[in-house]
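Please read the structure below before turning to the comments.
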Amino acid sequence: MVLKPEKRERNERTVRRFFDELVGGGDYGVADEVLTENYVRHELGPNPDMTGREAFVEFVDGFKDAFGDARVDIDELLVVDDYVVVRATERGTHDGEFMGIKPTGNEFEIGGIVIHRLEDGKIAETYACWDLLDMLRQLGVDPVAG
């Protein structure tokens, strides 16, 4: 199934709003507009799966507490049917507690791949893979080192 141009543009706009307004801007009211009520997020790391729009808003809010200036810049974006694939760079300054790590003031910059599945113009499901190990190393923590 090939999407009509207006649906393709709608899906791209939704994903850009997700990153720019919700994740980067901390505008949690946007969650109702870009996420389905039963949104599901799959991710490697400390939060492998979360279900529900409210759970994701709480996750972003906690992350913004630890990295007040955190933002995600889209490097590449590809729309295929009801999927939007994004290669992105996430940046921020560690100015609050994160995973039990006291604020270091260190900045981080990591790459990630995110795949969003949309239903009727809203994100229903996300598969995200971020380089959390590199992030921790940039914060001064190396969980792999003995």
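Taking the options Phe59, Phe67, name whichever one is open to solvent by less than 70 Å² (accessible area, probe 1.4 Å), of a type outside the set (S, T, N, Q) and in contact with an Asp or Glu (Cβ under 8 Å, 6 or more places away or on another chain). Please lay out each step first, then the result.
Working: Phe59 fails: in contact with an Asp or Glu (Cβ under 8 Å, 6 or more places away or on another chain).
Step by step, each of Phe59, Phe67 is checked, and only Phe67 is open to solvent by less than 70 Å² (accessible area, probe 1.4 Å), of a type outside the set (S, T, N, Q) and in contact with an Asp or Glu (Cβ under 8 Å, 6 or more places away or on another chain).
Give the residues of region 79-104 that are open to solvent by less than 50 Å² (accessible area, probe 1.4 Å) and assigned to a loop (DSSP other than H, G, I, E, B), sorted by residue number.
Within region 79-104, Asp82, His94, Gly96 meet the criteria.
Please find, among Val80, Val85, the residue that is closer than 16 Å to Phe18 by Cα and of a type in the set (Val, Ile, Thr).
That would be Val85, the only listed residue that is closer than 16 Å to Phe18 by Cα and of a type in the set (Val, Ile, Thr).
The values are calculated or read from the model by the stated rules, or taken from the named source; none is laboratory data. The model shown is predicted, which means the values in this text are computed figures rather than measured ones. Please note: Cβ atoms are built from the backbone with ideal geometry, for glycine as well, and neighbour counts cover all protein chains shown. Each accessible area value is taken on the protein alone, full model and side chains, heavy atoms only, with ligands, DNA and RNA left out. Shrake-Rupley method; radii C 1.70, N 1.55, O 1.52, S 1.80 Å.
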